[in-house]
Structure formats: structure tokens, C-alpha cells
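Below: one structure, written as C-alpha cells.
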Amino acid sequence: MALIDKSGGINGFVDFMQNRAKLVKSARSSLLLSYMVGVFIFIESSITALIAGAVGRPFCDKYKIPQAKLAFVCDSTSAPISSLIILNGWGALLLGLISTQITHGVLEANALDLLIDSIFYNFYAMSALVITFLAIWFNIEIGPMKHAKYTPMTTQMEILNPKSMFYMLLPILLMIFFVFIYLYITGDGHILKGSGSSAIFYTVLTTTIFTLFYYVSTKNMTLMTWGKTTLLGAKKLFPIAMILLFAFAIGEVTSELKTGQYLASLASENLSVYLTAVVIFLLSSLISFSTGTSWGTFSIMIPIAVPMAVTMDANVALTIGAVISGGIFGDHCSPISDTTIISSMASDCEVIEHVQTQLPYALISGVITLILFFIVAFIYN
């Protein structure tokens, strides 16, 4: 993604949509474009927010759209879509956490099948996407969003001599295509049995090599520029790699301590099985809000929630869905979340303003999610 940004492909895409195709003609269509970009680019939540913001900023300036609205669209599509379409690092992390529980004998199941089942219970992500679309389409402004104002940018984002939009589109399309190819290869002909983490790794590696030949051969950048940009992009991912390392370590510790079984033994006397998903959702939301990380919440809660569900004979997929939903909900509301900060930065919006304007929409989605977990728990437990 650092290479795509350096290539000028994003600016080329903006220029095409605005000046050539003329598909963007109003504030609503501008925000819808950022929404669609956020849905289409599901590779990683931070990347989704950055590209959606980069695409939307010039239109905000043209149609005088409050930057808070763009930040809301970026944030409300990034994590939700990444957690629903799991052909990315989110899927790899969740698959690893679930596989660990199976390896430790907590339950007997196919990790990928269980993960796919749990995605259907990711109610917060679904609610957030629907609420965001409705807010854009009907221009629904509630709470502080009513008072959000457009702030003129200090530097106008004028696109001079824009590069081809294919510098952005081809690597992304190739990335999506190769995810399926490598899932097919690692699954010995069965996509659903493929290794999610391996598929993501080989996909990114292949796409990066493709950009080397594509960008250098078309004289978009020199070999030296390509190398420096690649290293800078990799450097930015180092903190994420460390989060993953410590996340799996926390998961191993909680599994060895049998935290889930202990909490289940305490809850079994006082907690109804019908309320398990609701309680897990609320607890995950609290942890995610406090820490500002949905991934860290998954790593803490899945080793706890899965043994609880098994011990209490609750629906395991529903419980995992509650963890995922809670992690994203708390992350959306948290002012220290990385996606909150990145969405604000990508939209040129103050972090506090973004948190205040987005909170009412997130709370509406959270209440809807809570009700859905309560109803579904009665149906399937």
C-alpha cells in the first residue's frame, strides 16, 4: 500500500472519478464513493481508512463536506468490512486464535468452518455498515454531527499531471485474485480448507513483486525508489507484527491458566446461557474501549469465551461473533483506537471531533447488536 500511494495511483483514481467519468457530482455521491472504496478494499482496516480518506478529501474540499463526516465513513467501513470479509490479516488472526483452542482440546471443530459460522453473528459490523449507508443516503445528522462544519484545508489538494489510476487498481485487484488462488493451492483444491495466513502472506509477496516489475518497467519509479518505499512500508507494519506476537502469547497464557473454564464455573451458577453472548459482547466492548485495540481484545477474549461457551453448552460460533462485534464496537468508540486516529488523520479531522460525531451512530449500532444477540441466543441455545 505504501508503493501504491507513492505511485500516484490514488490521485489518478480521484482525477478519473471527478473529471473524466464525472460520477461524483454532489456531497452524497462523494461520501458514497468513499463508502464503496471502504467496502471494496478489505485487505486491512488501516489501509481501508487511509485510501477512503485519500479518495474523499478532494471531494470534501470541492463540495464543502465536513471532514467529520468523511472520518465517520472511513472509520465505519474499515474494521467492519475487514472483519466480515476475512481474506486478510483479521481472518488470519481469528483463525489462529480459534485453532489454538482446538489444538488445546477445548472443543472439536474445523477452525475455518467455525470462523465462517461466527462471521454470520458479527452483528455490529453489519449494523454499522447499514447505519453508515443510511446516514449518507438520507443525510441523517444526529448529535454533534449536526454542528460539524467544513474546515478549509490549509493546502489545496490540486492534482497536477495525475498518474494512471491503474497504478492503484491493478495491484489491489491482483491481491484479491491471488488470495483465492493461494487458498485453493494451500487447501489442495478446496478453497475453504486453505490456510488463511499462508494465503495472505504469499498474496502480499506476489503483489509486491508485481509492483516491482510494473512500476519500474513503466518508469513510474526507479528501482532505488521502489526499494526505499518497500522498506518504509514494512517499517510501518512492525508494531502490528509485535501486537500479533504478544496477542498469541496472551492467548497461550490464558489457555494454560484455564481462565475461560474458571469464569464459566463462576458464571454457570449466576448467568443464564441465553445471556452468555450478551455478556461476552459487553465485556469485549469494555476491554476494546479501554485498550483501543480490537485485535488485542480478540486475543484476550477468545481464549476465555470459547471455553465458557463449551462449558455452559452455549453456541460457540455465536459467542465468537459476540467477541468480534464487541471488539469492533469498543474500538469505534475509543479515542485511543488506531483506526479512530488513522481515520481522523486520513480525513484531516480532529480526533476528538471525530469521536464525538461518530459516537451516536456507533451507539445506535451497538444497541441494535445487543438486541440481536439477545434474540438469537433464545433461538439457538
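Checked against (1) surrounded by fewer than 24 Cβ atoms within 10 Å (Cβ to Cβ); (2) touching a residue at least 40 places away in the same chain (Cβ under 8 Å); (3) closer than 20 Å to M126 by Cα, F373 passes all but a single condition, namely (1).
Could you say whether any residue in the range 295-313 is surrounded by fewer than 24 Cβ atoms within 10 Å (Cβ to Cβ) and either in contact with a strand residue (DSSP E or B) (Cβ under 7 Å, 6 or more places away or on another chain) or of a type in the set (S, T, Y) (or both)? Yes, because at least one residue in the range 295-313 is surrounded by fewer than 24 Cβ atoms within 10 Å (Cβ to Cβ) and either in contact with a strand residue (DSSP E or B) (Cβ under 7 Å, 6 or more places away or on another chain) or of a type in the set (S, T, Y) (or both). No other residue among I341, I336 is under 30 Å from I51 (Cβ atoms) and surrounded by fewer than 19 Cβ atoms within 10 Å (Cβ to Cβ) apart from I336. Can you pull out every residue in the range 293-328 that is closer than 15 Å to Y121 by Cα and over 15 Å from the mean Cα position of the chain (by Cα)? The answer is I302, A305, V306, A309, A314, N315, V316, A317, L318, T319, I320, A322. Among the residues of the range 59-106, those that are out of contact with any helix residue (DSSP H, G or I) (no Cβ under 7 Å at 6 or more places or on another chain) and within 29 Å of T357 (Cβ to Cβ) comprise D61, K62, K64, P66, I85. Those helices (runs of 4 or more DSSP H) of the range 293-381 in which 2 or more residues are modelled with pLDDT under 90 and hydrophobic (A, V, I, L, M, F, W, C) occupy 294-311, 338-347, 351-380.
When the helices (runs of 4 or more DSSP H) confined to the range 190-277 are screened for residues that are at pLDDT 80 or above and over 25 Å from L93 (Cβ atoms), those reaching at least 1 such residues are found at 196-217, 223-236.
For the range 36-50, indicate whether the set of residues that are among the aromatic types (F, W, Y), surrounded by fewer than 24 Cβ atoms within 10 Å (Cβ to Cβ) and at pLDDT 80 or above is non-empty. Yes, that holds for at least one residue. Residue pairs whose Cβ atoms lie under 7 Å apart, sitting 6 or more positions apart in sequence or on different chains, and linking a residue in the range 1-20 that is more than 14 Å from I41 (Cβ to Cβ) and in contact (Cβ under 8 Å) with a residue 24 or more places away in the chain to a partner that is among the polar types (S, T, N, Q) and surrounded by fewer than 20 Cβ atoms within 10 Å (Cβ to Cβ), are A2/T229; L3/T229; L3/T230; K6/T229; S7/N220; G12/S164. Can you confirm whether I102 is of a type in the set (A, V, I, L, M, F, W, C) and without any contact (Cβ under 8 Å) to a residue 40 or more places away in the chain? Criteria met by I102. Whenever a residue of the range 172-190 is in contact (Cβ under 8 Å) with a residue 60 or more places away in the chain, its partners that are assigned to a helix (DSSP H, G or I) and among the hydroxyl-bearing types (S, T, Y), lying with C-beta atoms within less than 8 angstrom and at least six residues away or across chains, give the pairs M175/T203; M175/T207; V179/T203. So, of the residues in the range 73-119 that are charged (D, E, K, R) and either farther than 23 Å from S334 by Cβ or in contact with a Phe, Trp or Tyr (Cβ under 6 Å, 6 or more places away or on another chain) (or both), which turns out to be surrounded by the most Cβ atoms within 10 Å (Cβ to Cβ)? The qualifying residue surrounded by the most Cβ atoms within 10 Å (Cβ to Cβ) is D117.
The values are calculated or read from the model by the stated rules, or taken from the named source; none is laboratory data. Model, not experiment: these values are computed from the prediction. Positions of Cβ are backbone-derived with ideal geometry, glycine not excepted, and every protein chain shown enters the neighbour counts.
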